[in-house]
Amino acid sequence: MVAVVGATGRQGSAVVRHLLAEGWRVRALTRDPTSAASRVLRDRGAEIHRVDTDDVHSLRPAFEGAYGVFNVQNPMTSSIEAEVRQGRNVADAAAEAAVCHVVYGAAGVGTMETGIGSWDSKVTVAEHYRTLGLRLTVLRPMAFMELMTDKGYYPAVSVWHVMPKLMGSSRPVGWLCTDDLGAVVARVFADPQRWGGAALSLAADVQSIDQCRAIWHEVRGRAPRGFPMPVWLFERFVGADLTTMWRWLRNAQFDISTETTLEIRPGALTVRDWLARTLDASS
Ligand SMILES: NC(=O)c1ccc[n+]([C@@H]2O[C@H](COP(=O)([O-])OP(=O)(O)OC[C@H]3O[C@@H](n4cnc5c(N)ncnc54)[C@H](OP(=O)(O)O)[C@@H]3O)[C@@H](O)[C@H]2O)c1
């Protein structure tokens, strides 16, 4: 049985789906077992369990009897401090429950030198897992393809305007859709000998924002809508974490490779395939 933190979210729901499909029992953790998203997971076959990752006592029974834990936090909906606190709580409870394998949905490049709050926080949390001696696999997707379409990310302002403005529209971006993230997590749990202890950068395709715009145009027959907004106003709405990240990415040198992702998930979708499916479904 695998306990999934953040099970109703973008990553967690994909993880639940793929674990169930591969025959795992799944305990889906949520603050609200009565929500529509929780009902969907229950209907798929997951056991729903109420937790609050801010309360370590709620995590102990949630992890009891679990072989594995998938963990993710979202600092954009809480804060960087909350992400670190909650991530450590999950680690402590997983260690107490003697969980065999933790897969951590992280981000970034895995070093502490970026100054990007929501990346450094994940390095801190991963370090805490390691000090507790847990078998840990860290997954670091660069950018989810959903950034281009999910209204929750305000794509017209963010990915089609502020991101390229700060990062440069021809810089390479490593893309992965959250469904493939879920598939990778299920494969990693299935092969702990191979992936336990690993930290994996994940990308199924590498395309600049200009290239994504062109692919969108080919698929849809028109360009995606952008909405110009001054950077200072964007920061007022969502904080400075993303703008710090995009400025950092303008000059940073690091490897973006699709090799590991395609080894684990050979059919992982390219931007073109994913946009064709997603835009088709929404039209
Ligand atoms: N956007 C990108 O391109 C990208 C790329 C790489 C990595 N990331 C990382 O992805 C992470 C966000 O993942 P996501 O998009 O899957 O997040 P998400 O969709 O916001 O899901 C997070 C889930 O956590 C649950 N949750 C929130 N607070 C909780 C608490 N106190 N106790 C228990 N559960 C709680 C919520 O479920 P309930 O409401 O049901 O409790 C929610 O469904 C971030 O850390 C980000 O850095 C993003």
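Read-outs: derived from the displayed coordinates by stated rules, not from any lab. Here the structure is a predicted model, which means the values were calculated and not measured. Glycine gets a Cβ as well: all are built from the backbone with ideal geometry, and neighbour counts include every protein chain shown.
Rg and Dmax, both from the Cα atoms of segment 143-227 and both in Å, are 15.3, 47.
3J(HN,Hα) along segment 39-50, derived from phi through the Karplus expression 6.51 cos²θ - 1.76 cosθ + 1.60 where θ = phi - 60°, amounts to 4, 4, 5, 5, 4, 6, x, 7, 8, 9, 9, 7 Hz, with x in place of Gly and Pro. 3J(HN,Hα) couplings calculated from phi for segment 181-188 with the Karplus curve 6.51 cos²θ - 1.76 cosθ + 1.60 (θ = phi - 60°) are, in sequence order, 4, x, 5, 4, 4, 4, 5, 5 Hz; Gly and Pro show x. Solvent-free Debye calculation, one equal scatterer per alpha-carbon of segment 31-137: log10 I(q)/I(0) at 0.11, 0.13, 0.23 Å⁻¹ equals -0.36, -0.50, -1.29. Modelled this way, with points 7 Å down the Cα-to-C-beta line, the labels at residue 39 and residue 232 are 4.6 nm from one another. Equivalent ellipsoid of segment 58-105: semi-axes from √(5λ) of the C-alpha gyration tensor, largest first, are 20, 11, 8 Å. Taken about its Cα centre, segment 1-83 carries a charge dipole of roughly 380 debye when the Cβ of each Lys and Arg holds +1 and the Cβ of each Asp and Glu holds -1. Estimated translational diffusion coefficient (Stokes-Einstein, Kirkwood radius over Cα pairs, 25 °C, 0.890 mPa s) of the chain: 127 µm² per second. One chain, two ends: residue 82 and residue 132. Fully extended at 0.36 nm per residue, the span grows by 16.0 nm beyond their Cα-Cα distance. At q = 0.17, 0.18, 0.22 Å⁻¹, what log₁₀ I(q)/I(0) does segment 145-283 have when each alpha carbon counts as one equal point scatterer in the Debye sum? So the normalised log intensities work out to -1.01, -1.10, -1.37. Working from label points 7 Å from Cα in the Cα-to-Cβ sense, the residue 254 to residue 170 distance is 2.3 nm.
The HN-Hα couplings worked out from phi for segment 164-174 by the Karplus form 6.51 cos²θ - 1.76 cosθ + 1.60 (θ = phi - 60°) are x, 4, 7, 8, x, 7, 10, 6, x, 10, x Hz, whole numbers, x standing for Gly and Pro. Under conditions of 25 °C and 0.890 mPa s, segment 184-225 yields 187 µm² s⁻¹ as its translational diffusion coefficient, taking Rh as the Kirkwood radius over Cα pairs in the Stokes-Einstein equation. Hydrodynamic radius of segment 111-178 by the Kirkwood approach over all distinct alpha-carbon pairs: 14.1 Å. Regarding segment 238-283, what's the average projected area of the Cα-atom convex hull, expressed in nm²? Approximately 5.4 nm², given one-decimal rounding. Site pair residue 210 and residue 280 shows an inter-label distance of 2.9 nm when each label is modelled 7 Å from Cα along Cα→Cβ.
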